[in-house]
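Colleague: Before we start, here is the structure in question, set down as structure tokens.
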Amino acid sequence: MWLYGAAGAGKSAIAHTLAEICETCGWLVASFFFWKTAGERNNANRFVATIAHQIALTIPASRELIAAAIDYNSFIFEQSIDVQLSKLIIGTGVDMYVVPNTYNIRFPTRTTCCT
């Protein structure tokens, strides 16, 4: 999901709320929030590593696939974001665990979440 708008429009609040709802319902696989005043979260250097780690925790079947990709190329995190995504998530088959039937997702209200 990509939110855009003027500074102070509430993009972060909306994204955090949506992530909380998804986590409560068991739908959240991974999340990453950029924060311009936090040195480690104001650029994309740790983005793929964080997402891959969270996917490995959330989807146990993905752990071996991600670990194998890292073992095969121990310098993967020094490569471009595109290469990291391709080799750690998309190219490993992890994406088939992450995005099944996305065309049929319905977001519940807080009162109907997880029921």
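Where a number appears in this text, it was derived from the coordinates with a stated rule and is not lab data. No experiment lies behind these values; they were computed from the predicted model shown. A quick note on method: Cβ atoms are made from the backbone with ideal geometry, for glycine too, and the neighbour counts reach across all protein chains shown.
Colleague: Determine the gain in length on full extension of the stretch residue 53-residue 20; use 0.36 nm per residue of separation and subtract their C-alpha separation, reporting nm with one decimal. Display every interim value, and only then the final one.
Modeller: On the way: separation 33, 0.36 × 33 = 11.88 nm, distance 1.86 nm.
Taking 0.36 nm per residue and subtracting the Cα distance, the gain is 10.0 nm.
Colleague: For a Förster distance of 35 Å, can you work out the FRET efficiency between the beta-carbons of residue 78 and residue 12, rounded to the nearest 0.05?
Modeller: On the way: r = 29 Å, r/R0 = 0.84.
Computed FRET efficiency for residue 78 and residue 12: 0.75.
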